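A.B. asks: Next up is a structure, given as structure tokens.
Read-outs: derived from the displayed coordinates by stated rules, not from any lab. Because the structure is predicted, anything quoted here is derived from the model rather than measured. Cβ coordinates were reconstructed from backbone atoms using ideal geometry, including for glycine residues, and neighbour counts include every protein chain displayed.
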Amino acid sequence: MADLSVKHLLGIKNLTEQDLQTIFETADQFKAVINRSIKKVPSLRDITIANVFFENSTRTRLSFELAEKRLSADVINFSSASSSVKKGETLLDTVKNILSMKVDMVVMRHSSPGAPHFLAKHIDANIVNAGDGTHEHPTQALLDTYSIREKHGEVGGKKVVIIGDISHSRVALSNIFALQKLGAEVMICGPVTLLPKYISDLGVKVELDVRKALEWCDVANILRIQLERQKTKNFPSLREYSLYYGVNKKMLNALDKEITIMHPGPINRGIEITSDVADSEHSIILDQVENGVAIRMAVLFLLAQKR
Ligand code: CP
């Protein structure tokens, strides 16, 4: 089996296309495992993994924990809300204390961009970035592109539009890097106030009209408005955002083709996407969640080989 070029998974930007293919091929094998009646393998027996979450999460935290347990790793969970961070302990002290309990790998979500990169410079364990602020969410992009590969056979040559709050989205940036490395054409679409100023440097198409974006694409990945990361008001109201950028069934019915609908979750139904689109036969939203476990098993397994 091929090796990864990295010791830590900090982002998609510093991975090679071969790394992505290696992760996908390994995930194919783990997906077969988790569809068996006996879903567990001993691959990470005697490896201890700490899931260190400084920000809320449902999918990513549960998916990592399940992936670790399916690989027979020992797992400890840390949530900053109920920790001594509240008493003033620093990030580095917190993680060093966790590691002194003989932990081999750290899966971390943090609101500060670069937090996992900082940790990787100071500690010996393998670090997996489970989302750092507005920067990257690499395992989300891996499971998203893996789900496109599963649905369409390959990612190369596909036209993928990412719609919504691009400026505040780590999912968008990681997806742009992953899709481009795999040879897809990438468009972003949203109100100009929610597009980053540096967007033209990323080599993506930009479209402000969501109907034109939907006409262009094979796959639409729809993002929520990340109000928790917005310090200023970027549009008049959620109702107005929904009127201009919310994807609904009428828009999809007006297309002369069928497109694949994706969303990383959590969904705000009725704002960026209507329920009849989120739950339609062309939606692969729950397949994305299912594939997240196999992708995270692959990432953890491959990084453990670098120890
Ligand atoms: N997609 C995603 O990161 O979801 P959570 O915030 O629930 O982990």
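A.B. asks: Please turn the phi angles of segment 239-251 into ³J(HN,Hα) values with the Karplus equation 6.51 cos²θ - 1.76 cosθ + 1.60 (θ = phi - 60°), one per residue in order, whole Hz, x for glycine and proline.
C.D. replies: Karplus values, whole Hz, x for Gly and Pro: 4, 5, 4, 4, 4, 8, 10, x, 8, 10, 5, 4, 4.
A.B. asks: Expressed in nm to one decimal, what extension gain is obtained for the pair S200 and N35 from 0.36 nm per residue of sequence separation less their Cα-Cα distance?
C.D. replies: Difference between extended and current length: 55.2 nm.
A.B. asks: I would also like to ask the following. Quick one: which of K39/K205; K212/K233; K40/K96; K158/K231 span more than 32 angstrom between C-alpha atoms?
C.D. replies: Values: K39/K205 42 Å; K212/K233 26 Å; K40/K96 30 Å; K158/K231 35 Å.
Beyond 32 Å: K39/K205; K158/K231.
A.B. asks: Now, a different point. Translational diffusion coefficient of segment 138-284 at 4 °C, 1.567 mPa s, Stokes-Einstein with Kirkwood Rh over Cα pairs, in µm²/s as a whole number. Mind dumping the intermediate values first?
C.D. replies: On the way: Rh = 15.1 Å.
Estimated via Stokes-Einstein, D reaches 86 µm²/s.
A.B. asks: Also, I was wondering about something else. Just the ratio, please: alpha-carbon radius of gyration of segment 141-191 over 2.2 N^0.38 Å, N its number of residues.
C.D. replies: Working: Rg = 10.5 Å, N = 51, 2.2 N^0.38 = 9.8 Å.
Here the Cα radius of gyration is 1.07 times the empirical estimate.
A.B. asks: Per DSSP H run of n ≥ 4, the term is -39500 (n - 2.57); total these for the chain, divide by its residue number, and report the mean residue ellipticity at 222 nm rounded to 500 deg cm²/dmol.
C.D. replies: Value at 222 nm, helices only, nearest 500: -11500 deg cm²/dmol.
A.B. asks: Along the charge dipole of the chain, which of N248, N175, N268 sits closest to the positive end, that is, farthest toward it, with unit charges on the beta carbon of Lys, Arg, Asp and Glu (+1, +1, -1, -1)?
C.D. replies: So the residue we want is N268.
A.B. asks: What list do you get for Y241, Y146 if you sort them by fewest beta carbons within 10 Å? Working shown, then result.
C.D. replies: Working: Y241 20, Y146 25.
The most exposed by this proxy come first: Y241, Y146.
A.B. asks: How do D165, D74 rank when sorted from fewest to most other Cβ atoms within 10 Å of their own Cβ?
C.D. replies: Working: D165 26, D74 16.
By the 10 Å Cβ count, ascending: D74, D165.
A.B. asks: Moving to a separate point now. Skipping prolines and chain starts, which residues have an amide H placed within reach, meaning under 5 Å, of the one on S283, given they are 5 or more residues away or on another chain?
C.D. replies: Amide H neighbours of S283: I261.
A.B. asks: Averaged across orientations, what area in nm² does the convex hull of the alpha carbons in the chain project?
C.D. replies: Working: hull surface 63.5 nm².
Its Cα hull, projected and averaged over all orientations, spans 15.9 nm².
A.B. asks: Something else now. Determine ³J(HN,Hα), in whole Hz, for all residues of segment 23-32 in sequence, where each value follows from phi through the Karplus function 6.51 cos²θ - 1.76 cosθ + 1.60 and θ = phi - 60°; x replaces Gly and Pro.
C.D. replies: 4, 4, 5, 5, 5, 4, 5, 6, 5, 5
A.B. asks: Also, quick follow-up: Which value, in debye to the nearest 20, describes the size of the charge dipole of the chain about its Cα centre when Lys and Arg Cβ atoms bear +1, Asp and Glu Cβ atoms bear -1, and nothing else is charged?
C.D. replies: Working: 39 positive and 36 negative charges, 133 e Å.
Computed about the Cα centre, the dipole is about 640 debye.
A.B. asks: Can you list residues from other chains, or at least 5 along the same chain, whose modelled amide H is less than 5 Å from the amide H of V75?
C.D. replies: Correct list: I49.
A.B. asks: In segment 238-307, which GluC sites (Glu not before Pro) are in a loop and have at most 14 other Cβ atoms within 10 Å, using DSSP for the loop call?
C.D. replies: E258, E281
A.B. asks: Rank these for me by crowding, K231, K181, K306, K151, going from fewest to most other beta carbons within 10 Å.
C.D. replies: On the way: K231 6, K181 21, K306 12, K151 16.
Placing the least packed residue first, the sequence is K231, K306, K151, K181.
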